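Before any comments, here is the structure.
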Amino acid sequence: MNSLETNNIGKAFGKLVVSDNVSLALPKGARHALIGPNGAGKTTLINLITGTLAPDTGTVLLNGEDVTRLEPNARVKRGLSRTFQINTLFPQLTPLESAVMAICERNGTSGHWLSGLSKHAEGIDEAHDLLSKVGLGDDAVKPTRDLAYGQQRLLEIALALASRPKVLLLDEPAAGVPKSESAALFEVIAALPEDISILFIEHDMNLVFSFASRITVLVQGAILTEGTPDEIAHDPRVREVYLGGAHHG
């Protein structure tokens, strides 16, 4: 059974087709990249998978369960988590506070979060562990706004992991991150537990080819091709529509 499947997912806004019968399958532990030029429908597909957009046709399966009509929060509870292109952090909170809040949200105790960190000993231990896993252990009590941008992206991943996902969707995790930090960011992603299936959007082809075991190429909302990094690198159609001059898009 696959961790995540989309079957003929379709979405249109009037005459503009943004997702054209897209079928994907992520087995457990997948490291799957979604690439394509600007306007290819990559983030739209993530939004359809997470439930922030409702598809016109097709289904989304999470560990074999049809979640197509479930709200985003219900999908999170079933093991689906994501990060965004633009970070959505609380700049005034510390990473530790943000992580404890995310853990309380998962446990259904977020209403008590404002009573103070000291009331959440177990959450604090788990938060420290999460932050250490993404390389933020030494910065746990620094205000988030004082973290380097690459560190803020790592914090987003830690918060996504707080929900204990089975499937993690990363929408351009290295967007805005200096080149000198993006390799380190992907080293952290590469070290995530092997049983988590990861679907990620990324424009840096070096990162894509070094990290993904499988790649899907989207063009105008439809799948152009899918294959191993080696197959994608040697596909002339991919070179023409994407690698040839649109890898900023």
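Looking at the stretch 7-60, which of its residues are among the hydroxyl-bearing types (Ser, Thr, Tyr) and either over 16 Å from the mean Cα position of the chain (by Cα) or not assigned by TED's automatic domain parsing to the domain that holds residue 225 (or both)? Show your work before the answer.
Taking the stretch 7-60 as the starting set, the residues that turn out to be among the hydroxyl-bearing types (Ser, Thr, Tyr) are 19, 23, 43-44, 50, 52, 57, 59.
19, 23, 57, 59, listed by residue number.
Table: residues versus (1) within 15 Å of the chain's Cα centre (by Cα); (2) surrounded by fewer than 18 Cβ atoms within 10 Å (Cβ to Cβ); (3) closer than 12 Å to residue 35 by Cβ.
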| position | (1), (2), (3) |
| --- | --- |
| 184 | no, yes, no |
| 189 | yes, no, no |
| 193 | yes, yes, no |
| 203 | yes, no, yes |
| 210 | no, yes, no |
| 213 | no, yes, no |
| 218 | no, no, yes |
| 225 | no, yes, yes |
| 229 | no, yes, yes |
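The values are calculated or read from the model by the stated rules, or taken from the named source; none is laboratory data. It should be emphasised that the depicted structure is a prediction, and the values quoted were computed from it without experimental measurement. We place every Cβ from the backbone using ideal geometry, glycine too, and count neighbours over all the protein chains shown.
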